[in-house]
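Let me begin by presenting the structure, written as structure tokens, before commenting on it.
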Amino acid sequence: MQSNSASISVVIPVYNERKTIREIVRRVKATPREKEIIIIDDCSTDGTRQILREFDSDPEIKVILQMQNGGKGNALRVGFQAATKDVVVVQDADLEYDPDDYEVLLRPIDKGRADVVYGSRFLYGEHRVLYFRHSLGNRLLTLLSNLFTDLNLTDMETCYKVFKREIIQNIEIESARFGFEPEITAKIAKLDLHVYEVPVRYYGRSYAEGKKITWKDGVAAFRHILHFSLSRKKFVRDAAAIHNVMVSPPPQTDVGVDTLEAFESARRYNAWICERIEPAIGERVLEVGSGIGNIVSELLARKSVRSVVATDLSASSLATLRDRFGNDERLATEVWNAEDPPSEGLLREKFDTIICSNVLEHIEDHERAAAHMRQLLKPDGRLVILVPANPSIYSGLDEDLGHFRRYTKVELTRVLEAAGCKVESVIDHNLVGAIGWWWVGKVKGRRTLCAKDTKTFDKLVPLLKPIDRYLTRFFGGVSVIAVSTDASAVAGNVTGDASPDARMA
């Protein structure tokens, strides 16, 4: 791959560094790169400001004087926004880190491999032997950070962090003091960035030589790791600007299709759902929102099922479904949005069973959709609805999947009764799935499920099936399943050809 040398903005936060500021500036200026040096003085009181005046005429140096002391994180935030070059390098003013390592730090970005680079003091290389407890504390904080971010860094607390400018300028920084390190690590982990780590030299200072960080900052870092890893607050200013400079920006995929494909391999789980609703499955089945056919696969495996009509609002999903099962004469497909009245063809067929699994939550007018489904039932037919349960675990996973809501048993019963159905049973399903959804969506803040998630859970299904119906009685589950009939048919007043929209009026 062809190498390109990026220009750099070196951001140096400064507070009471009169003994070292001239030397660090000299070393940075000596590095062989097109550069600008941005020095943010955080209201120094030891004469540092007077020294900084010496750089007024240097075209490579920009000095920003803070009017009050705001902390390292605040100074970095100001410096990042002032940067104009390709790449931003964080540089402390205390001579613990050597600017001669810039070329090592920048190589992964120059080679087109990285978006962010960390310089690790613990990989290998020359370093001063100092405080064991500091080293142990740094490693413990890195371990905790890695547990939450799923990055495998060796040195989260390092000063040397290098970012493509558009990336760091579009990430909101909140920490005022030394919390910047765990905060930025948690936030870049939530983006699909290519993060590299390289070895750097480290010449640590003693407290007598001016070291400022204390055990209190370690406690604060612990708190920041938890806070920013668990936070679901939006922190990106301009996602498109970040996306445009990424090494390999993720494709703009259909999250819903990705999730369906993830569940395609969850054969045990799909079979489990059908086992839970087995008594309601008749000979002629309609599935609403079939997607790529995960439930259809289970239905066609049952000899008692004579015909299956798979519907979906996505023609491409149905095309995939036909590719999977095209040779089975029992299968027919039709594009249908359940919010719209059913076609004449569907109205003529009538069904023993209508299955709607993980679809109703995507529909804004869910009562109307349920009424349209009810209209297609035989007088003794069953409408089976499976929806996500437990509104308290609603998260970014639900948002990106297009869920308007998660349901309680009471709410699902109300919707079905409003649609003209008589509810026969409502059950909770899959407690462990609820715990997993909470962990992935609420705790880790992820917005997508992947095949690895579903495959791991699918392996647990044989262990969960025997105990789930007992556990969900007390704790609920990730889903609610309702079985209902046409209330008017039950009352002996079958008016299936009437418009469900008219009945709801």
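The values are calculated or read from the model by the stated rules, or taken from the named source; none is laboratory data. All values derive from a computational prediction rather than experimental measurement. Using ideal geometry, Cβ is built from the backbone for each residue, glycine included, and neighbour counts are taken over all protein chains shown. The accessibility values were calculated without ligands, DNA or RNA, using every heavy atom of the protein model including side chains. Shrake-Rupley method; radii C 1.70, N 1.55, O 1.52, S 1.80 Å.
Six or more apart or on different chains, Cβ under 6 Å: which pairs go from a residue in region 328-346 that's under 17 Å from A369 (Cα atoms) to one that's surrounded by fewer than 18 Cβ atoms within 10 Å (Cβ to Cβ) and of a type outside the set (V, I, T)? Could you list them?
What qualifies is V335/A315; N337/L313; E339/D365.
Between residues in region 216-236 that are on the phi < 0 side of the Ramachandran plot and residues that are at pLDDT below 80, which pairs lie under 8 Å by C-beta distance while being six or more apart or on different chains?
D217/R177; D217/F178; G218/G137; A220/R177; A220/F178; A221/F178
In region 142-155, what residues are assigned to a helix (DSSP H, G or I), out of contact with any Phe, Trp or Tyr (no Cβ under 8 Å at 6 or more places or on another chain), open to solvent by 10 Å² or more (accessible area, probe 1.4 Å) and not β-branched (V, I, T)?
L143, N146, L147, F148 - these are the residues of region 142-155 that are assigned to a helix (DSSP H, G or I), out of contact with any Phe, Trp or Tyr (no Cβ under 8 Å at 6 or more places or on another chain), open to solvent by 10 Å² or more (accessible area, probe 1.4 Å) and not β-branched (V, I, T).
Condition check: among the charged types (D, E, K, R) and part of a helix (DSSP H, G or I). Does E424 satisfy that?
Numbers: among the charged types (D, E, K, R): yes; part of a helix (DSSP H, G or I): no.
Answer is no for this residue.
Would you tally the residues in region 4-44 being in a helix (DSSP H, G or I) and touching a residue at least 60 places away in the same chain (Cβ under 8 Å)?
In the first step, residues of region 4-44 are kept if they are in a helix (DSSP H, G or I); the result is 21-29.
Still in the running and touching a residue at least 60 places away in the same chain (Cβ under 8 Å): 21, 23-24, 27-28.
Of the residues in region 4-44, 5 are in a helix (DSSP H, G or I) and touching a residue at least 60 places away in the same chain (Cβ under 8 Å).
Residues checked against (1) in contact with a helix residue (DSSP H, G or I) (Cβ under 7 Å, 6 or more places away or on another chain); (2) modelled with pLDDT of 95 or more:
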| site | (1), (2) |
| --- | --- |
| D258 | no, no |
| S265 | yes, no |
| R268 | yes, no |
| W272 | yes, no |
| G282 | no, yes |
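I'm checking my understanding of the structure. Among residues of region 156-198 that are basic (K, R) and either touching a Pro at 6+ places or on another chain (Cβ under 7 Å) or in a loop (DSSP other than H, G, I, E, B) (or both), which one is nearest to V247 (Cα to Cα)? Lay out the reasoning, then the answer.
Here is the first cut: in region 156-198, the residues basic (K, R) are 161, 164-165, 177, 187, 190.
Add one more test, that the residue is either touching a Pro at 6+ places or on another chain (Cβ under 7 Å) or in a loop (DSSP other than H, G, I, E, B) (or both), and what stays is 177, 190.
On the way: R177: 30, K190: 16 Å.
The qualifying residue nearest to V247 (Cα to Cα) is K190.
Looking at (1) of a type in the set (A, V, I, L, M); (2) over 17 Å from the mean Cα position of the chain (by Cα); (3) modelled with pLDDT under 55, can you tell me which one V247 breaks?
If we test V247 against (1) of a type in the set (A, V, I, L, M); (2) over 17 Å from the mean Cα position of the chain (by Cα); (3) modelled with pLDDT under 55, just (3) comes out false.
Yes or no, residue by residue, for (1) modelled with pLDDT under 90; (2) more than 19 Å from V104 (Cβ to Cβ):
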| position | (1), (2) |
| --- | --- |
| K161 | no, no |
| R165 | no, yes |
| Q169 | no, yes |
| F178 | yes, yes |
| H194 | no, no |
| V198 | no, no |
| Y203 | yes, no |
| D217 | yes, yes |
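Out of region 428-458, which residues are buried (at least 17 other Cβ atoms within 10 Å of the Cβ), among the hydrophobic types (A, V, I, L, M, F, W, C) and within 30 Å of T353 (Cα to Cα)?
Residues satisfying the conditions are L431, V432, A434, W437, L449, F457.
For every residue, the table says whether it meets (1) touching a residue at least 60 places away in the same chain (Cβ under 8 Å); (2) under 23 Å from D86 (Cα atoms); (3) open to solvent by 20 Å² or more (accessible area, probe 1.4 Å).
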| position | (1), (2), (3) |
| --- | --- |
| E157 | yes, no, yes |
| Y160 | yes, yes, no |
| F163 | yes, yes, no |
| E166 | yes, yes, yes |
| P182 | no, no, no |
